Amino acid sequence: MKSADIRDKFLQFFSSKNHLVVPSAPLVVKNDPTLMFTNAGMNRFKDIFLGNEPAESPRVADTQKCLRVSGKHNDLEEVGVDTYHHTLFEMLGNWSFGDYYKKEAIEWAWELLTEVYKIDKDRLYVTVFEGDKSDGIEFDREAYDHWKGLISEDRIIAASKKDNFWEMGDTGPCGPCSEIHVDMRTDAERNSVSGKELVNADHPQVIEIWNLVFMELQRRSDGSLEPLKAKHIDTGMGFERLSMVLQGKTSSYDTDVFSPLIDFIAKETGKKYTRGDSKQDVAFRVLADHVRAVAFAIADGQMPSNTGTGYVIRRILRRAVRYAYSFLDRKEPLLQELAEVLIAQMGGFFEELKSNEKLIRDVIREEEEAFLRTLAKGIQLIDDILQNTKDDRIGGEVVFELYDTFGFPVDLTALILSEHGKTYDETAFQKALEAQKKRSRSAAVQDTGDWVVVGNYRATEFVGYDSLETEMNLARYRKVTQKGKDFYQLVFDRTPFYPEGGGQTGDRGYVEGEGVRIPVIGTFRENNLIVHLSPKSPEALPAAVKGVVDAERRSLTAKNHTATHLLHHALRALLGTHVEQRGSLLEKDYLRFDFSHFAKVTDEEIRKIEQAVNAAVRRDIPLEEFRNIPMAEAREMGAMALFGEKYGDSVRAIRFGESVELCGGTHVRATGEIGFFKIVSEGSVAAGIRRLAGQGARSTAP
């Protein structure tokens, strides 16, 4: 069965069980500070589990793009070394939000695996949670009883909290789970040793393929558990592993998910993939895996960069280039051509790959060329070191500087040194590396307390389009500590404060009631909540308060936001319709606008762009706002969507004359309020991406 058919059969099966099939959420997570990337199928549904938003449907099925290369789930250094770790993978899942529970989840999983996919029942084992005394949770008798009606009891295994209790993180929704394992060994091996003994024993051919999570509890910050308001089903089945099982392969890299990529690498490099553990075979797997992660990330709006999520993507890309350079003797760009193979293979189902094909290839090519130059420079630096020292052992601090400052891979440094009969001080290198990691961790650590619930309000109503102050009620708050300083996060039933999003910075101001006033120093979204950040505790506030937005700051920011809409329209009119927004930053003092374009914007073009924007300013074009309109209606109006953003069925459209965009931000009532627009700089951000900085309000740009 081809992998595309495997995916289709999963979605069709659950569609027949009255599940709403939804598209994958983007890889890059927005509005959740606890995650860089989507690393599990449940991430997108966290708000539903927490009770912050209603479910679109009580039953949902999907295939979710996941990336595990940061934080708790970091498989990057394992990828390629073995035959089953991946950075990017698809997670097939079915979900019940307070609807069906263990019985249906178990029966449907068994039906799909044994009747639709025709997996031999004698190769399957299941696990159930054995209970945990420290948490006061008993053996999952309910799941056990459902399973024993489908599979012999000697194939049902009681497993510990480590393997069979799923938690979202240190806090949050959690619950017992039931895993389905498959034994892929030969008949002779199975007759020799029972598969039951190898379940959860890290055997490469006795593997978990599906995890059924029974989400019924919530972990609090003190470690205690409390029941959720409703019981949910959260399942995840690895698409690549399932393809391996159904195609009778011993490695997911041998399935048709990866074979077109590996065949292309062999053809282009003249090397042979032998499915072994040599550095050459590892390089094949690294390239085939990493091109998927990089291409999908770019398609979802994340460009390689030197910070945050962008740095992770750049690191993945450079790891692939390094393996091709060192072990496949490839000294020219290869990944951008490999991306073309990937897009042809998967662009039919994941349309974002096809629609962003040129951008993906251009960005990858420029990144490859830049890092190949870095490799050449690093080799020259090592040559200089070798010529200037007679020691057989190079200092670890020197190797760390090559790694940290120039991005030169440590193993490549070691390889070059060994060719000259030299080594380096690994202990000193590791000490320097650990010191750097410690600095990074300490900067990012945040101690977050539990929410203190004051009022029973599910989500915040935003009223800031129409008013800069309003009466509101405190719904919940919690204390957070970072870098030794205490802050408080506050949520209200309604708010005039715009939360950071779409490039626009969050509002500031204050909240007051009965002689008590506390400042709001920032506003942002966390999942589906609008969170107000304050350095002062809200405990002295009454439940009913008034929120007041800093009007001048909001006004200046709105002017810059509207200016970017006019700028976007002018760029497309003057440079071509290939221009699309690729990111923005909208502050009170300046604006920054990134867009797709293949060449430097000339001084003459900048002059014409400024003239076009200022002409629109002088026409004093009134704002036309369309709230909560169907997406189809917005499309008919010609509204442009932002790259990397996902939209619901109802959207908000903003029109200033011929400029029409989907937008959730705040704007001026008419373009004349902007006063004057000036571009102050132009430059490159990435391959095919230019950046303009300017000001759309009477203020000083930095």
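The numbers here are math on the coordinates, done by the rules we state, and not lab data. Here the structure is a predicted model, which means the values were calculated and not measured. All Cβ positions, even for glycine, are placed from backbone atoms using ideal geometry, and neighbour counts span all protein chains on display.
Some points to look at:
- Pair-distance profile P(r), taking every C-alpha pair of the stretch 150-301, with 10 angstrom steps and integer %: 9, 27, 28, 24, 10, 1
- Placing +1 on the Cβ of every Lys and Arg and -1 on the Cβ of every Asp and Glu, with no other charges, gives the stretch 447-549 a dipole of roughly 280 debye about its Cα centre.
- Three-way shape call for the stretch 258-381 based on the alpha-carbon gyration tensor, with the a/c threshold at 1.5: oblate
- Burial ordering of Leu623, Leu402, fewest other beta-carbon atoms within 10 Å first: Leu623, Leu402
- Here is how the number arises for the chain: DSSP H runs of 4 or more residues each give -39500 (n - 2.57), the sum is divided by the residue count, and the result at 222 nm is -11000 deg cm²/dmol.
- Averaging 1/r across all pairs of distinct Cα atoms in the stretch 422-545 and inverting the result yields a Kirkwood radius of 16.4 Å.
- When both the stretch 570-642 and the stretch 390-420 are represented by their alpha-carbon centers, they are found 48 Å apart.
- Loop-located chymotrypsin sites (Phe, Trp or Tyr not before Pro) in the stretch 589-693 (DSSP state other than H, G, I, E, B) with a sparse environment of at most 15 neighbouring Cβ atoms within 10 Å: Phe598, Tyr647, Phe676.
- Scoring 223-232, 467-476 by mean Cβ neighbours within 10 Å over their residues and listing the highest first yields 467-476, 223-232.
- The charge dipole of the chain, taken about the Cα centre with unit charges on the Cβ atoms of Lys, Arg (+1) and Asp, Glu (-1), comes to about 1380 debye, rounded to the nearest 20.
- Sequence-distant contacts, meaning Cα pairs under 8 Å at least 6 residues apart, place the relative contact order of the stretch 554-695 at 32 percent.
- Note on the stretch 3-250: the alpha carbon radius of gyration divided by the globular reference 2.2 N^0.38 Å gives 0.98.
- Percent antiparallel among DSSP beta bridges (both partners in the chain, rounded to 5): 90
- Loop trypsin sites (Lys or Arg not before Pro), the stretch 322-404, which have at most 13 other Cβ atoms in a 10 Å radius of their Cβ (DSSP): Lys331, Lys390
- Spatial offset of the stretch 484-548 relative to the stretch 141-166 amounts to 46 Å, using the alpha carbon center of each.
- The stretch 275-325 and the stretch 17-95: distance between their alpha carbon centers, rounded to Å: 20
- As a size descriptor, the averaged projected area of the C-alpha convex hull of the chain was calculated at 34.0 nm².
- Cα-based Kirkwood hydrodynamic radius, the stretch 597-680, one decimal, Å: 14.4
- Projected label distance in nm at Thr250 and Glu514, using a 7 Å step from Cα toward the beta-carbon: 7.3
- Gyration tensor verdict on the stretch 294-356 (Cα atoms; rounded if a/c is under 1.5, prolate if a/b is larger than b/c, oblate otherwise): oblate
- Annotation: the stretch 554-695 has a Kirkwood hydrodynamic radius of 15.2 angstrom, from the mean reciprocal C-alpha pair distance.
- Percentage relative contact order, the stretch 475-575, counting C-alpha pairs under 8 Å, at least six apart: 25
- Working ranking of peptides 8-17, 268-277 by packing, defined as the average number of other Cβ atoms within 10 Å per residue, highest first, is 8-17, 268-277.
- The listed peptides 381-387, 286-292, 668-674, ordered by packing as a protection proxy, come out as 286-292, 668-674, 381-387 (highest mean of other Cβ atoms within 10 Å first).
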